[in-house]
Amino acid sequence: MNNWEELNKESITNSEQLAKECDVDKQEIREVIRKYPICISKYYLGLIKEKDDPIWKQCVPDGKEVNDIYGLIDPLHEDEDSPVPGLTHRYPDRVLLLVSNRCAMYCRFCTRKRKVGDPFKAIFKDQMMKGIDYIREHKEVRDVVLSGGDPFMLKDERIEFILRELRKIEHVELIRIGTKVPCTLPHRITPELCEILKRYGPLFINVHFNHPRELTDESRKALGMLVDSGLTVCNQSVLLKGVNNSSEIMKELTYGMMKARVIPYYVYQADLTRGTDHFRTKIKDSLEIMSNMRMFETGLPTPHYIIDAPGGGGKIPLVPDFDAEKSGKEKLFVFRGPSDVERLKNREDVDVILVKSDIDTAVEHIPAIRELKKDSIIVINSRLVSKNPEKVTPELCEALSKHHPIFVNTDFSHANELTDECQKAVSMLKNSGVVVCNNNTVYKGENDNPVVIRELMHKLVKIGVKPSYLTFDPTGNSVKSKTRNCMKLIKSLRGFTSGLAVPHFTIGTNGDRVLVGPNYVIDQDEDKIILQNYASKIYEYPDPIDEPCNANFAEAAKIPEGAAVTEK
Ligand SMILES: *Cc1c(COP(=O)(O)O)cnc(C)c1O
Ligand code: SF4
């Protein structure tokens, strides 16, 4: 048995064991776990500092879970949109395939609470094979998200088997794995596992960290091993009351993740899952948190804030209000050349250093920067990769690999530019542990149409590059018409390609970039928001109710099972 399997065996799985470690009411715990199982790795338990802290809340059962009258069993209609068990096909080009129902820890707020950890709902090989057959028969599926439970709770051989089967299918361009083990049982990320993943790359690994205290030496090491294997690691967080519902915490988490070379991807509004109502935040508070943590000034990827529409509408992004004063500038240092070393010495608060020269010159300054700022994020905006890929040499990559975290933003604007040489340069950078994102410009008459942009985005994610920003050519047409056109382009990507392939639309040049986005909000009032999904269907997400009083229960709890869905 592997080390991680032994560690997993030592996890807390019943109320007796938990009561030995934590101050809990055994009876209450027993009642909760009759319905929703418990599993806490000793590692994760060790992160708790005190009762009810953000770590405790995520893993220790709470009596409120069995008293929740608001939540829905399957809020996202995953089982309904399921042509074969364990596979959800909601968007035209991608599917979600559940390959395990076990996790190293059962998060108390889990959306799949109805399934995870229940031995009667375990996923066996024949079910999984039916899912893979379905993918093989559906040529429109370009993108497969492996999820669960946690795919990395499977043995290496099984993981390799799944990847091998999927890679045999020609139309599958993108494989993503959603996993929480880097956060809850980082020992699971072994060199052997990384070797397997490397063979089937480029892969996207979506991890799930919610609080900066989850970033420990162990978890950072696990993340680093994945990135060093050339994989693209993205983070998805969920806003949870009492855990991370503050902009300070979310900022710290986001910068912390990027220092671990992880791309922030989604921040979710909590789903309406039964047993998790006590974690839900109000939408207006979530928007405020998001508006305080934008970091696009820094040239680094900013997460999209998403409501996954109850009733199966899919992910709908909301764009927080823009306030130029709060856009990550305070953490940014622009490094123009050696004369800036002195200035950098006097800056305490720098998290991000934007080096204003291309990779081949930047690499000469980086050792001096790194000496001063041990773990700041270095960002290089590069034309080298697209214009002179031959200059991305093994020596250059080797030099970069000594000074992580380094992010390189490429500037590909058309799929044709991604020649074999350019792809090779990207892959060399990635195999050296550099995070590669793309910021592209929209030029009139060249790439300002949905077909061209979609092709570019597909090709980028296929080679493991995260499209980060899209902006328009500052010359030419009126800003108004260009803005309208870019909005159209973003809209045309939404729902029809991996969310991963949808960049943020920003207006402006370096120094004062503004983030804008298509508006999917139809209406919003005190207690709910009404949204339109990519296919123009209307969905409603109710805010949590503050202090329910018994008399109003029936009134207050009128969220119908399966939530209101009407065609527009
Ligand atoms: C989240 C999700 C996906 C992937 O969505 P992206 O936006 O591409 O990350 C695919 N299918 C289902 C059912 C999902 O919930
Ligand atoms: S790891 Fe993911 S699937 Fe497992 S319990 Fe946590 S949120 Fe749910």
Identify all residues within segment 109-125 that are among the hydrophobic types (A, V, I, L, M, F, W, C) and either surrounded by fewer than 21 Cβ atoms within 10 Å (Cβ to Cβ) or more than 12 Å from ligand 2 (Cβ to nearest atom) (or both); write none if there are none. PHE120, ALA122, ILE123, PHE124
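Quick check, is PHE109 among the aromatic types (Phe, Trp, Tyr) and farther than 18 Å from THR179 by Cβ? Explain how you work it out, then say what you get.
Details: among the aromatic types (Phe, Trp, Tyr): yes; farther than 18 Å from THR179 by Cβ: no.
In short, no.
Only one of ASP358, ASP308 is surrounded by fewer than 20 Cβ atoms within 10 Å (Cβ to Cβ) and either within 16 Å of ligand 2 (Cβ to nearest atom) or among the acidic types (Asp, Glu) (or both); which? Full working, then the answer.
Numbers: ASP308 fails: surrounded by fewer than 20 Cβ atoms within 10 Å (Cβ to Cβ).
Answer to the selection: ASP358.
Answer yes or no as to whether SER498 is away from ligand 1 (no atom under 14 Å from the Cβ) and among the polar types (S, T, N, Q).
No; evaluated as a whole, the condition is false for this residue.
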Of the residues ILE162, ILE135, which is within 16 Å of ligand 1 (Cβ to nearest atom), open to solvent by less than 30 Å² (accessible area, probe 1.4 Å), out of contact with any helix residue (DSSP H, G or I) (no Cβ under 6 Å at 6 or more places or on another chain) and more than 22 Å from TYR36 (Cα to Cα)? ILE135
From (1) farther than 24 Å from ASP217 by Cβ; (2) open to solvent by less than 10 Å² (accessible area, probe 1.4 Å); (3) assigned to a strand (DSSP E or B), pick out the condition that doesn't hold for VAL233. (1)
So, in segment 94-108, how many residues would count as being more than 7 Å from ligand 2 (Cβ to nearest atom) and open to solvent by 10 Å² or more (accessible area, probe 1.4 Å)? 5
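Take PRO212 and tell me if it is closer than 19 Å to ARG176 by Cβ and open to solvent by 10 Å² or more (accessible area, probe 1.4 Å).
Numbers: closer than 19 Å to ARG176 by Cβ: no; open to solvent by 10 Å² or more (accessible area, probe 1.4 Å): yes.
No: the conditions fail for PRO212.
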Checking VAL145 against (1) within 16 Å of ligand 2 (Cβ to nearest atom); (2) under 19 Å from CYS234 (Cβ atoms); (3) buried (at least 22 other Cβ atoms within 10 Å of the Cβ), only one condition comes out false. Which one? (3)
Mind checking which pairs have a first residue in segment 89-109 that is in contact (Cβ under 8 Å) with a residue 12 or more places away in the chain and a second that is of a type in the set (S, T, N, Q) and more than 8 Å from ligand 1 (Cβ to nearest atom), Cβ under 6 Å, 6 or more apart or different chains? LEU96/SER147; LEU98/SER147; ALA104/SER41; ALA104/THR184; MET105/SER41; MET105/THR184; CYS107/GLN58; PHE109/THR276
Tell me, which helices (runs of 4 or more DSSP H) lie completely within segment 378-495 with 2 or more residues that are open to solvent by 30 Å² or more (accessible area, probe 1.4 Å) and of a type in the set (A, V, I, L, M)? 479-493
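Restricting to segment 160-181, give me the number of residues that are within 16 Å of ligand 2 (Cβ to nearest atom), touching a Leu at 6+ places or on another chain (Cβ under 8 Å) and more than 16 Å from THR497 (Cβ to Cβ).
We begin by selecting, within segment 160-181, every residue within 16 Å of ligand 2 (Cβ to nearest atom); these are 176-181.
From what's left, touching a Leu at 6+ places or on another chain (Cβ under 8 Å): 176-178.
With more than 16 Å from THR497 (Cβ to Cβ) added as a condition, the list becomes 177-178.
Qualifying residue count, segment 160-181: 2.
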Sole exception among (1) assigned to a loop (DSSP other than H, G, I, E, B); (2) open to solvent by less than 70 Å² (accessible area, probe 1.4 Å); (3) hydroxyl-bearing (Ser, Thr, Tyr); (4) at pLDDT below 90 for THR506, by number: (1)
Enumeration of residues in segment 446-469 that are closer than 20 Å to PRO303 by Cα and of a type in the set (S, T, N, Q): SER468
Taking segment 73-93 as the search range and keeping residues that are open to solvent by less than 40 Å² (accessible area, probe 1.4 Å) and among the acidic types (Asp, Glu), which one is nearest to ARG274 (Cα to Cα)? ASP74
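Out of everything in segment 165-186 that is among the charged types (D, E, K, R) and open to solvent by less than 30 Å² (accessible area, probe 1.4 Å), what residue ends up being nearest to THR232 (Cα to Cα)?
Looking at the filtered set, the residue picked out is ARG176.
The values are calculated or read from the model by the stated rules, or taken from the named source; none is laboratory data. What you see is a predicted model; the values in this text were computed from it and never measured. As a convention, Cβ positions derive from the backbone with ideal geometry for all residues, glycine included, and neighbour counts pool all protein chains shown. Side chains are part of the model used for accessible areas, which takes the heavy atoms of the whole protein and leaves out ligands, DNA and RNA. Shrake-Rupley method; radii C 1.70, N 1.55, O 1.52, S 1.80 Å.
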